[in-house]
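The values are calculated or read from the model by the stated rules, or taken from the named source; none is laboratory data. These numbers were taken from a predicted model, which means no experiment stands behind them. All Cβ positions, glycine included, derive from the backbone under ideal geometry; neighbour counts span all protein chains shown. The area values use the complete protein model at the heavy-atom level, side chains included, leaving out ligands, DNA and RNA. Shrake-Rupley method; radii C 1.70, N 1.55, O 1.52, S 1.80 Å.
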Amino acid sequence: MTTHGTPDGAHTPMNDEHGSTAVRLDQGHIQGTGGIPAQFQNPGLPPHVERMSDIDPKAAKRAELQVASMFILSILGSLACLVAYFVIPTHQQIWIPAIENGNLSHLAIGLTLAISTFFIGAGAVHWAKTLMPDQEVVEERHPLHSTPEERQAFARALAEGDAAAQLSRRPLLKMTLAGALGLFAIPPIVQLVGGLGPLPGDDLSTTFWDSKYWTNGKAPRLMRDPEMTPIKASDVTIGSVFHVLPEGIMDSEHPLDEKGKAAVLLMRLHPDQIKSQKERDWGYHGIVAYSKICTHVGCPVGLYEQTTHHLLCPCHQSTFDVTDDCKVIFGPAHRPLPQLKIAVDAEGYLIAEHGFAEAVGPSFWERG
Ligand code: FES
């Protein structure tokens, strides 16, 4: 048996093909009518339980002070974050179990930001749970398009919500919340502006290939990365590509920083394929070495197309022509990859005769 809703909302129980009794619940007013089993009837909302802060003004004041304290802790967290950012040197290390060498500046900024974020959230939750109205109400479903009356009602509800939040009645909460939110925004802004880091100046003009880093005045050999073994000219066959670093770089004071600037790609072309005299002069029997750092924004140029002799940067697809001074033939980079002048030493190993003639890596700050 099933019931069918009629235009006046009544339900007619009906037998289905299996002879069982069923009730359609999707039409008309079903509560308490139409033979609905008791377990399916709407139980309604549970009775509202008053909180201490609803009935005791002292409890409400206590809750207000607790919320304000959390906002103040958030303010302190934001201030401490700013202090950590400006006062702690970025390279200062701290011993942390399991990690061993942690960065004190990062740790302090992370912890203070966590405190600031946690207490602003905890304050808001505590405020909502103790001071804002917690009575559940049922709202009937209605057509999506709002009538003018409904819009007015919405505006009224907003105003009532504003009153219920008690901001005007509780200036302490208003002030501490404004302070917490205001200061919360400052550390990310400061870090965004300051965290972009200083301009490199002439830092990218000097790499570990330069003569000031040579040991005993000896030009550095080109070493395979990561094995750090020297490369003979005869090892470099046409079509092959080597990732190369200068000899001795791993013994430098900041090897990672130095590797980031000095990485080089080594390839061999047929000498007839080389279009520029300078490239021929700076290479060795068709072997050429170019900086691996893209001149767009500094990604490592990682893809070498053997057939076209193009180097491709995977970040934004800048493409450099190895046969023509590594000039840019496609993409956003604006200048060729700097070439490293190479030769061979008495034992046949490839060496760098001097450092790069121009700065490696991105150059957008130079163009202004
Ligand atoms: S960094 Fe290489 S194309 Fe953008």
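For the chain, modelled as a GNM with alpha-carbon contacts under 10 angstrom, which of Leu73, Leu158, Leu111 fluctuates the most?
Leu158
Take the alpha carbon atoms of the chain, find their radius of gyration, then divide it by 2.2 N^0.38 Å using N residues; give the quotient.
My calculation over the Cα atoms of the chain gives 1.74.
Distance in nm between label sites at Ala357 and Glu150, each 7 Å beyond Cα in the beta-carbon direction?
7.4 nm
Tilt of helix 148-164 relative to the longest C-alpha principal axis of the chain, in degrees (0 to 90, nearest 10)?
Orientation of helix 148-164: about 80 degrees from the principal axis.
Label points 7 Å out from Cα along the Cβ direction at Ile329 and Gln277: separation in nm?
Between Ile329 and Gln277, the simple spin-label model gives 2.3 nm.
Lys261: which aspartates and glutamates have alpha carbons under 18 Å from its alpha carbon, excluding same-chain residues fewer than 8 sequence positions away?
Straight-distance partners of Lys261: Asp202, Asp203, Asp210, Asp225, Glu247, Asp251, Glu253, Glu353, Glu358, Glu366.
How much solvent-accessible surface does Phe330 expose, in Å² to the nearest 10, with a 1.4 Å probe and all protein chains in place?
In the full protein context, Phe330 sits at about 130 Å².
Could you put Lys218, Lys232 in order of accessible surface area, largest first, with the 1.4 Å probe and the full protein assembly present?
So, going from the largest accessible area down, we get Lys218, Lys232.
Of Ser78, Gln41, His91, whose Cα points farthest to the positive end of the dipole of region 34-93 (charges on the beta-carbon: +1 Lys, Arg; -1 Asp, Glu; origin at the Cα centre)?
Working it through, the farthest residue towards the positive pole turns out to be His91.
Based solely on its DSSP helices, what 222 nm [θ] is calculated for the chain when runs of n ≥ 4 H residues each add -39,500 (n - 2.57) and the sum is averaged over all residues, nearest 500 deg cm²/dmol?
Theoretical 222 nm ellipticity from helices: -11000 deg cm²/dmol.
Need one number: nm distance between label points at Arg51 and Val297, each 7 Å from Cα along Cα→Cβ, rounded to one decimal.
Each label point lies 7 Å from its Cα, and together they span 4.6 nm.
Hey, what do the phi angles of region 71-79 turn into as Karplus ³J(HN,Hα) couplings, whole Hz, using 6.51/-1.76/1.60 and θ = phi - 60°, x for Gly and Pro?
5, 5, 4, 5, 4, 4, x, 5, 5
What's the center-to-center distance, using Cα atoms, between region 125-203 and region 279-336 in Å?
51 Å
Please compute the length gained on full extension between Glu253 and Glu139, using 0.36 nm multiplied by the number of residues separating them and subtracting their Cα-Cα distance.
34.2 nm
Please work out the FRET efficiency for the pair Ala178 and Phe40, using the Cβ-Cβ distance as r and a Förster radius of 45 Å; give the result to the nearest 0.05.
That pair, Ala178 with Phe40, gives E of 0.35.
Dipole size in debye (nearest 20) for the chain around its Cα centre, Lys and Arg Cβ +1, Asp and Glu Cβ -1?
760 debye
Which of the listed residues, Thr308, Ala359, Thr295, is farthest toward the dipole's positive end in region 203-367, when Lys, Arg count +1 and Asp, Glu count -1 at the beta-carbon?
Value computed over the given set: Thr308.
Given a 1.4 angstrom probe, I'd like the percentage of the accessible area of region 203-367 that is carbon and sulfur, rounded to a whole number.
52 percent
Can you give the extra length, in nm with one decimal, that the chain gains between Ser211 and Glu160 once fully stretched, where that is 0.36 nm per residue apart less the Cα-Cα distance?
The span from Ser211 to Glu160 would gain 10.9 nm if fully extended.
For region 203-367, what value does the Rg/Rh ratio take when both radii are computed over Cα atoms and Rh is the Kirkwood radius, given to two decimals?
Reported Rg/Rh (Cα atoms, Kirkwood Rh): 0.94.
Heavy-atom accessible area of His91 with all protein chains present, probe 1.4 Å, nearest 10 Å²?
For His91, solvent-accessible area is about 150 Å².
Is there a pair in Lys292/Lys341; Lys218/Lys327; Lys61/Lys174; Lys212/Lys275; Lys58/Lys129 whose C-alpha atoms are over 23 Å apart, and which pairs would that be?
Over 23 Å apart, Cα to Cα: Lys218/Lys327; Lys212/Lys275.
Leaving ligands and nucleic acids out of the surface, order Met267, Met223, Met70 by accessible area at 1.4 Å, largest first. Write out the running numbers ahead of the final one.
On the way: Met267 0, Met223 20, Met70 40 Å².
Final ranking, largest accessible area leading: Met70, Met223, Met267.
Can you pull the accessible area of Trp282 for me, 1.4 Å probe, Å² to the nearest 10?
Looks like 50 Å² after rounding.
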